[in-house]
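Q: Mind looking over this structure? Questions follow.
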Ligand SMILES: CC(C)(COP(=O)(O)OP(=O)(O)OC[C@H]1O[C@@H](n2cnc3c(N)ncnc32)[C@H](O)[C@@H]1OP(=O)(O)O)[C@@H](O)C(=O)NCCC(=O)NCCS
């Protein structure tokens with residue numbers, strides 16, 4: 001998937017937040033340890049360092065949501081060879097929170113007012129982790 005396509009899907013999926021430009025995606029794709037997992041309509045951008053993996057972002061175009069794409073992308077990421085995975089999610093993001101907690105992620109920290117919405121609202125960020133060494 002090209003940086004332009006990643007930026008297009010990201011902008012469509014994150015309408016309340018600042019979207020990431022094609023140049024930002026290009027820089028991330030060129031940086032070490034970063035991998036994109038994609039299928040038509042969606043992608044996940046991940047970073048894996050020394051057995052610890054971070055979900056940098058995951059986005060499914062609204063016209064393709066609720067068709068299982070997000071769960072497949074997440075499962076493909078979790079099948080990587082790693083011990084622990086973590087991600088950040090906005091406290092008010094019900095769809096993403098359901099996806100992650102139903103996969104086994106647990107809330108391990110909260111950053112108060114971390115996300116600034118385009119409308120000025122501040123929303124907590126939750127840090128979710130999963131230990132994959134436990135089987
Ligand atoms: C989060 C996101 C990636 C999920 O992708 P998706 O392809 O729509 O997800 P799926 O179709 O695989 O559905 C995953 C689960 O979420 C559930 N879900 C969908 N919308 C929901 C909602 N509003 N509230 C609660 N659960 C919801 C689905 O029912 C499904 O659960 P199930 O398998 O137990 O039935 C997608 O909604 C998205 O791109 N959102 C905008 C960007 C974003 O918020 N990214 C995450 C940032 S941390």
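What follows is calculated from the coordinates using simple rules that are stated; it is not laboratory data. Remember, predicted model here, so these are calculated numbers, not experimental data. Positions of Cβ are backbone-derived with ideal geometry, glycine not excepted, and every protein chain shown enters the neighbour counts.
Q: Have a look at 46, 57 and point out the one that is in contact (Cβ under 8 Å) with a residue 24 or more places away in the chain, more than 12 Å from the ligand (Cβ to nearest atom) and not in a loop (DSSP other than H, G, I, E, B).
A: 46
Q: Same structure again: Determine, yes or no, whether residue 23 is part of a loop (DSSP other than H, G, I, E, B) and either under 13 Å from residue 56 (Cβ atoms) or out of contact with any strand residue (DSSP E or B) (no Cβ under 9 Å at 6 or more places or on another chain) (or both).
A: No; evaluated as a whole, the condition is false for this residue.
Q: For region 1-14, which positions are touching a residue at least 40 places away in the same chain (Cβ under 8 Å) and surrounded by fewer than 13 Cβ atoms within 10 Å (Cβ to Cβ)?
A: none
Q: In region 93-104, how many are more than 13 Å from the chain's Cα centre (by Cα) and surrounded by 13 or more Cβ atoms within 10 Å (Cβ to Cβ)?
A: Residues meeting the conditions: 3.
Q: Further question on the same structure: Tally up the residues in region 1-20 that are part of a helix (DSSP H, G or I) and more than 11 Å from the ligand (Cβ to nearest atom), please.
A: The number of residues fulfilling the criteria is 6.
Q: May I pose another question? Considering each residue of region 60-104, count those that are closer than 23 Å to residue 133 by Cβ and either more than 10 Å from the ligand (Cβ to nearest atom) or touching a strand residue (DSSP E or B) at 6+ places or on another chain (Cβ under 8 Å) (or both), and give that number.
A: Number satisfying all stated conditions: 20.
Q: While we're on this one: Report every pair of residues separated by at least 6 positions or lying on different chains whose Cβ atoms are under 6 Å apart, first residue within region 29-40 and farther than 11 Å from residue 73 by Cα, second assigned to a strand (DSSP E or B).
A: Once the first residue is farther than 11 Å from residue 73 by Cα and sits in region 29-40, its partners that are assigned to a strand (DSSP E or B) give 33/47; 33/48; 33/49; 34/47; 35/46.
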